[in-house]
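Visitor: For reference, the structure I am asking about is given below.
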Amino acid sequence: MIVPVRNEPLLRTFLDSIRVQLPLAEIIVVDTSQTSLLQNRSMGNFRYIHQPGLKTRAKALNAGAKEASKPYFLFLHADCMLSNASLSEIQNVMEEGIKVSAFLKEYFPSSWLLKQQSAYLNRKVLQQGRYLNGTNGLLISRECFFDFKGFPEVSFMEDVRMFDHIRRNLSIHIIQAPLLVSSRKYVSSSALFHMIRNFFIYHLYRLKVPPSLLRHLYP
């Protein structure tokens, strides 16, 4: 599991949960914060890499992959949690040799508006493969990841670009058991405003607006 972070307040909570759910998993945290978030750099299968010189999340993701040793990589944001139902599905995917998978998602804590958004996004993912991004997670075989030369090292939207690149070449298996995505960003600002802004940014990206410009629209 590879987790990129920068000034991430939920990191310790995330790690405590993952260690209970997947005690034998290899976990690599790549922290690009100026100040180190953790004191312990390694413990068993856990590795903490503090590299403030990495300026983009794409570079952090790729750096983590280079350190990983397992045949499958699970890229996950620290504000996402694995549901119990997803654990067995992850195991099934790896046993069946499926090369690339992503998850449906739900927000927690939720609200009527967030439930409508997740239902819409999940429907689009299932029907058209649209709107896949980092909060859908990415479970990919090591071989496949390096065949694709890792995440494109752009300043923003590297997750969407990666899914686009994969989808042009391979089918992406959708894991029905959802990731649980923190709704904190929707609480800190107007949920509706946040949804509209994300939709606007996504479609500007589809209109070929450079990620370096779109980055300024996202907090």
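Visitor: What number of residues within the stretch 97-129 satisfy the criterion of being of a type in the set (Lys, Arg) and surrounded by fewer than 15 Cβ atoms within 10 Å (Cβ to Cβ)?
Guide: Adding up the residues that qualify gives 3.
Every residue, every condition in (1) modelled with pLDDT of 90 or more; (2) touching a helix residue (DSSP H, G or I) at 6+ places or on another chain (Cβ under 8 Å); (3) surrounded by 15 or more Cβ atoms within 10 Å (Cβ to Cβ); (4) part of a loop (DSSP other than H, G, I, E, B), yes or no:
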site: 4; (1), (2), (3), (4): yes, yes, yes, no
site: 19; (1), (2), (3), (4): no, no, yes, no
site: 35; (1), (2), (3), (4): no, no, no, yes
site: 52; (1), (2), (3), (4): yes, no, no, yes
site: 58; (1), (2), (3), (4): yes, yes, yes, no
site: 63; (1), (2), (3), (4): yes, no, yes, no
site: 69; (1), (2), (3), (4): yes, no, no, yes
site: 74; (1), (2), (3), (4): yes, yes, yes, no
site: 81; (1), (2), (3), (4): yes, yes, yes, no
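Visitor: Which count do you get for residues in the stretch 83-112 that are assigned to a strand (DSSP E or B), in contact with a Ser or Thr (Cβ under 7 Å, 6 or more places away or on another chain) and of a type in the set (Gly, Ala, Ser)?
Guide: The qualifying residues number 0.
Visitor: Among the candidates 73, 14, single out the residue that is under 15 Å from the mean Cα position of the chain (by Cα), touching a residue at least 60 places away in the same chain (Cβ under 8 Å) and within 24 Å of residue 97 (Cβ to Cβ).
Guide: It is 73.
Visitor: Only one residue in 88, 83, 111 is under 12 Å from residue 177 (Cβ atoms), more than 18 Å from the chain's Cα centre (by Cα) and of a type outside the set (Val, Ile, Thr). Which one?
Guide: Only one candidate passes the filter, namely 88.
Visitor: Every residue in the stretch 178-201 that is touching a Phe, Trp or Tyr at 6+ places or on another chain (Cβ under 7 Å) and modelled with pLDDT of 90 or more, please.
Guide: Of everything in the stretch 178-201, those that are touching a Phe, Trp or Tyr at 6+ places or on another chain (Cβ under 7 Å) and modelled with pLDDT of 90 or more turn out to be 178, 179, 180, 181, 182, 183, 201.
Visitor: Which of the helices (runs of 4 or more DSSP H) found entirely inside the stretch 134-190 contain at least 3 residues meeting this: crowded, with 19+ Cβ neighbours inside 10 Å?
Guide: Qualifying helices (runs of 4 or more DSSP H): 158-167.
The values are calculated or read from the model by the stated rules, or taken from the named source; none is laboratory data. Remember, predicted model here, so these are calculated numbers, not experimental data. Heads up, the Cβs are rebuilt from the backbone with ideal geometry, glycines too, and the neighbour counts pull from every protein chain shown.
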